[in-house]
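J.: My questions will all concern the structure given below.
The values are calculated or read from the model by the stated rules, or taken from the named source; none is laboratory data. The shown structure was predicted, so the numbers you read here are calculated from the model rather than taken from an experiment. Note that we place each Cβ from the backbone using ideal geometry, even for glycine, and neighbour counts take in every protein chain shown.
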Amino acid sequence: MMTLLIKNQTLRALVLLSITMLSTACKVMGPDYVRPEIKTPVAYKEAVAPTEQATKRIEDHWWMLYGNEELDQLIAQVELQNYSLQALEARTRQARALAEIAKAAQSPTVVAGGQNDLGILASWEVDLWGRVKRNIEASGATAQASKDDLAAMKLSLQAQLAQNYFNLRVQDAEILLLQDSTLAYERLLKVTQNQYAVGVTDRSNVLQVQTQLNIAQSQIQEARANRAQLEHAIAVLIGKAPADFSIAVAAITTSVPEVPATLPADLLLRRPDIAAAERRVASANAKIGEAEAAGYPSLDLFAGVSIRKGLLGGAKVLAPLYSNGAIHANRSQASAVYDEAVANYQQAALNGFREVEDNLATLQSLSIAADHKAEGIKTAHQSLTIMHNQQQVGIINHHAMMMAQTAALDGEKAGLDILAKRLIASVNLIKALGGGWQSAAQDTADIPAATK
């Protein structure tokens, strides 16, 4: 009974000692996190006055701006079936689990048995200097960054699919255009060969038309190869083997939408890659406190009951006495990691501003180019119509006819190329603006946080 009393008194003393140390000595080391400032312009330099449509917010399903049901169905499969996205999602779950592990260190660990004894023992590290708290902060911020990385990759893969789809449809239109031009060149070649046979024209005209026919035939094969590669790329993006996937040939009916713009300051909350960079700054900041706490004594308490020994209780104190500068070096290293993370965050924001400006400028220039090209195509077709009318009444200039046919073909191809570039630039602008994503900074319920 006396032994039990002594052990009870010892245990109470340890508890009182722990409470005293917690109330007087506990201090969270390291700087509290403050989001680094980013210099943001008031407005984008390349932005034009927005229309009513352009002032609307980009929704989560941003691809619906294009009004293409087939594209909607394809992009919906990216999130469900893309293997790269699944791999990163698994990495995100790993980061969340590590954050849970870090949070568990705030609570006592209870074990049973051991060394032929069926007792129960609880141990607990008293977080005197905030090492555990800072570790929870760091791992939680890392988990948030991983979650943002996942959103950034999803947006990137969706954008890739949309761009591949638009390019594929442009290839469909170009193939049809080249097939029509090939038929026109074949008709012209037959007329030219007949006239050469009766001595009305010379062989050079025949060769010129034959050359243009061969070029158009070659371009058809190149366009088909490009289309096949785009179809294969789309298949992989939705997790299918190219042999098991195909997209039927169809006309391109998609027009370039007005992309709702946002203010530069909003970009920091709308781009998942920028948000991920900021979360890494928060993690690095917490690691400074963790490194500082490592230079101070640690206190581990244990208490329990043993069948063989009865009540157990005690404490383990470890105090660093000599490290040959390692503790200071660890703190310096953590500070350098923080500085690097800040620079990366600031650079990510600058890159975001640049990408928005680039695509705004590209869309404006291409819109003007499209108008000019439409006029050029109209003129080329008028010229070609005149040539056809002259041919019907027996007036034919082979060189002029061939030049008119080639000009119409080149104009149509250039128009398709501009359309493709405009669609690609519009997707790039949506991606640069962060798509429909919004920062989850206020929605962190699934990310473990340190207990206050």
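J.: Please find, among Tyr165, Tyr185, the residue that is under 19 Å from Gln221 (Cβ atoms) and crowded, with 20+ Cβ neighbours inside 10 Å.
T.: Answer to the selection: Tyr185.
J.: Take the range 81-102 and flag every residue that is without any contact (Cβ under 8 Å) to a residue 40 or more places away in the chain and of a type in the set (A, V, I, L, M, F, W, C).
T.: Listed by number, the residues that qualify are Ala87, Ala90, Ala97, Ile101.
J.: Against the condition surrounded by fewer than 16 Cβ atoms within 10 Å (Cβ to Cβ), in contact (Cβ under 8 Å) with a residue 24 or more places away in the chain and among the charged types (D, E, K, R), how does Glu174 come out, does it pass?
T.: no
J.: Any residue at all in the range 2-25 that's in a loop (DSSP other than H, G, I, E, B), modelled with pLDDT of 50 or more and touching an Asp or Glu at 6+ places or on another chain (Cβ under 8 Å)?
T.: no
J.: Can you report the number of residues in the range 243-266 which are hydrophobic (A, V, I, L, M, F, W, C) and more than 24 Å from Lys421 (Cα to Cα)?
T.: Selection size over the range 243-266: 4.
J.: So, Ala152, is that one over 30 Å from Ala425 (Cα atoms), aliphatic (A, V, I, L, M) and at pLDDT 90 or above or not?
T.: No, not satisfied.
J.: Then there is this: Could you check the range 261-297 and list, in sequence order, the residues that are within 14 Å of Trp437 (Cβ to Cβ), in contact with a Ser or Thr (Cβ under 8 Å, 6 or more places away or on another chain) and surrounded by fewer than 20 Cβ atoms within 10 Å (Cβ to Cβ)?
T.: Scanning the range 261-297 gives a single hit, Leu269.
J.: Okay, next question. Might you let me know whether the range 293-302 holds any residue that is at pLDDT below 95 and assigned to a helix (DSSP H, G or I)?
T.: yes
J.: Quick check on this structure: which one of Ala414, Ala408 is within 22 Å of Leu183 (Cα to Cα), in a helix (DSSP H, G or I) and at pLDDT below 90?
T.: Ala408
J.: Starting from the range 140-156, keep only residues that are under 11 Å from Arg93 (Cα atoms), then list their pairs with residues that are not in a helix (DSSP H, G or I) whose Cβ atoms are within a distance under 8 Å, requiring at least 6 positions of separation or different chains.
T.: Close Cβ pairs (under 8 Å, with a partner that is not in a helix (DSSP H, G or I)) amount to Ala143/Ile447; Ala143/Pro448; Gln144/Ala440; Gln144/Ala441; Gln144/Thr444; Gln144/Ile447; Lys147/Ala440; Lys147/Ile447.
J.: Any residue at all in the range 178-185 that is in contact with a Gly (Cβ under 7 Å, 6 or more places away or on another chain), more than 29 Å from Ser426 (Cα to Cα) and of a type in the set (Gly, Ala, Ser)?
T.: No - not one qualifying residue is present in the range 178-185.
J.: So, Tyr338, is that one among the aromatic types (Phe, Trp, Tyr), over 21 Å from Leu267 (Cα atoms) and buried (at least 16 other Cβ atoms within 10 Å of the Cβ) or not?
T.: yes
J.: From the list Leu230, Leu188, which one is part of a helix (DSSP H, G or I) and either out of contact with any His (no Cβ under 8 Å at 6 or more places or on another chain) or modelled with pLDDT of 95 or more (or both)?
T.: From the options Leu230, Leu188, the qualifying one is Leu230.
J.: Does the range 26-46 contain any residue that is closer than 30 Å to Ala250 by Cβ, in contact with a helix residue (DSSP H, G or I) (Cβ under 9 Å, 6 or more places away or on another chain) and at pLDDT 85 or above? I'd like the intermediate steps shown before the answer.
T.: Filtering the range 26-46 for residues closer than 30 Å to Ala250 by Cβ gives none.
Checked against the condition, which is being closer than 30 Å to Ala250 by Cβ, in contact with a helix residue (DSSP H, G or I) (Cβ under 9 Å, 6 or more places away or on another chain) and at pLDDT 85 or above, the range 26-46 yields no hits at all.
J.: Any residue at all in the range 360-381 that is closer than 26 Å to Arg279 by Cβ and modelled with pLDDT under 95? Walk me through how you get there before you give the answer.
T.: Start the filter on the range 360-381 by keeping residues that are closer than 26 Å to Arg279 by Cβ, which leaves none.
No, there is no match, as no residue in the range 360-381 is closer than 26 Å to Arg279 by Cβ and modelled with pLDDT under 95.
J.: Let me ask something additional. Can you spot a residue in the range 361-368 that is surrounded by fewer than 17 Cβ atoms within 10 Å (Cβ to Cβ), without any contact (Cβ under 8 Å) to a residue 60 or more places away in the chain and not in a helix (DSSP H, G or I)?
T.: There is no residue in the range 361-368 that is surrounded by fewer than 17 Cβ atoms within 10 Å (Cβ to Cβ), without any contact (Cβ under 8 Å) to a residue 60 or more places away in the chain and not in a helix (DSSP H, G or I).
J.: Kindly check whether there is at least one residue in the range 99-116 that is surrounded by 14 or more Cβ atoms within 10 Å (Cβ to Cβ) and either modelled with pLDDT of 90 or more or among the β-branched types (Val, Ile, Thr) (or both).
T.: no
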